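First up is the structure itself, then whatever we jot down about it.
Each reported figure results from applying straightforward, stated rules to the coordinates on display, with no laboratory input. All values reported here derive from a predicted model rather than from experimental measurement. Cβ: placed from backbone, ideal geometry, glycine included. Neighbour counts: every protein chain shown.
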Amino acid sequence: MGIDGDASGPPRRQFGEEGGRLSYGGYLRLPELLAQQQPQSQAPDELLFITIHQVYELWFKLLLHELEGAREAMFAGELWKARQLFKRVHAVERVLIEQVEVLETMTPQDFMEFRAKLAPASGFQSVQFRELEFLSGLRDERYLGSFRHVSDEELARLRRRLAEPTLWDAYLTALSQRGLPVSDDEIMTSLLAVARNRGSYDDLWQLAEDLLTHDETAALWRMRHVQMVERQIGTKSGTGGSTGAPYLRGRARLHYFPLLWELRAWL
Ligand code: HEM
Ligand SMILES: N[C@@H](CC(=O)c1ccccc1NC=O)C(=O)O
C-alpha cells in the first residue's frame, strides 16, 4: 500500500514534498556514486573487490570526521561529547572487521584472475588509512615516501595530519585541564591517579578506555586483514612491493596509545 493510503501503486505525493527539489538519488548522488566501479578485467569478482574497498574508504572518511570531532571535544573539555563520538567510531570499526568476511567469499583462484592487473597499487597507498594512523598518534613519516603517486592535495593533507595534534595530545589536554600533570616524567603517575580515583576522575578513565578500544579495534582489523591476506596470497609478496604477510604481521603489533597499555602492568 502506498504511504498516501492508495491501495495500489506508489504514493503520488508525500507529506512535506510540496515544492521540494531533493530526490533520493539526487540527494545521495547515486548516478555519480554508482558510476565509480570500473573493473580493469573481465574477472567476475573484481566488482566485489572494488566495491569493498570503496566502502572502506567511505567509512574511513566518516571515521576521520568523527575522530576530529572527538579531538575537538577533548580540547574543549566536553568529555561527554567525545565519548558519544567514540561510541560511533567503535561501532564503525567493528563493521570494518566484519566486512572482511565478505571479501573472503572470493577464492584465491578467482583473485588471481585479476591480481596481476593491480600492481603496483595496494592498500599501502590508502591516504585516508594513513591519515587515521597519523591522527591517532601512529606517525611514521617514512610512509610519505610511499605516496609519490598521490596528488599534491593528498600529500598536503598527510603533511597537515603530521603537524596537527593527535588524539593523545587532546587527551593530555583534558588531563591537564583537571590539574593532572602530563610531562613525560609525570604522565604515568597521572594515569594511575585517574585509574585509582574513579570517584573524581571516572569521566577521564572512561575516555581513556574509549581511546584504548579504538586502538584495540584498529589492531584487530590489522590482524583480520593479515589473516585474509594469508588466505588469499599465502607467502607471496605484495603488489605494493612489501614482503606481504610478514610485513603486515609486524604492523599488527603496533599501538596508538602505548602508555595506556603500559598502565595495565601497574594496576
Ligand atoms: C584480497 C584481499 C587483500 C589482499 C590480498 C591484501 C594484501 C595486502 C598486502 C600484501 C599489503 C602489504 C602492502 C603490499 O606490499 O601490497 C596490504 C596492505 C594494506 N591493505 Fe590490503 N589486501 C587485501 C584487501 C584489503 C582491503 C579490503 C583493504 C581495505 C581498505 C585493505 C587495506 C590495506 C591497507 C590499509 C594496507 C596498508 C597496511 C599498512 O601499511 O599497515 N586491504 N594489503
Ligand atoms: N596488495 C594486494 C592487492 C590488494 O589487495 C590491493 C590492490 C589494489 C588496491 C587495494 C588493495 N587492497 C589492499 O591491499 C596483493 O598483494 O595482492
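Taking only the alpha carbons of the stretch 75-137, we obtain Rg and Dmax values of 17.3, 53 Å in that order. Panel order for S200, S136, by other beta carbons found within 10 Å of each beta carbon, from fewest to most: S200, S136. The length gained on full extension between L30 and H65, counted as 0.36 nm times the residue separation minus their Cα-Cα distance, comes to 10.4 nm. For the stretch 198-267, the alpha carbon convex hull comes to 92 Å³ per residue, rounded to a whole number.
In this structure, M188 and A219 have a Cβ-Cβ separation that, at R0 = 22 Å, corresponds to a calculated FRET efficiency of about 0.55. Take the convex hull of the alpha carbons in the chain; its mean projected area over all directions comes to 20.2 nm². With all projection directions averaged, the alpha carbon convex hull of the stretch 107-157 covers 4.6 nm². Divide the volume of the convex hull around the Cα atoms of the stretch 49-178 by the residue count and you get 112 Å³ per residue. Based on the Stokes-Einstein relation at 20 °C and a viscosity of 1.002 mPa s, and on the Kirkwood radius from alpha carbon pairs, the stretch 17-97 is assigned a translational diffusion coefficient of 138 µm²/s. Each pair of Cα atoms in the stretch 126-267 enters the Kirkwood radius, and Stokes-Einstein at 4 °C and 1.567 mPa s then converts it into a translational diffusion coefficient of 76 µm²/s. Each residue in K81, K61 was given a count of other beta-carbon atoms within 10 angstrom of its own, and listing them fewest first yields K61, K81.
Here the peptides 168-177, 220-229 are ranked by packing, the mean other Cβ count within 10 Å, and the order with the highest first is 168-177, 220-229.
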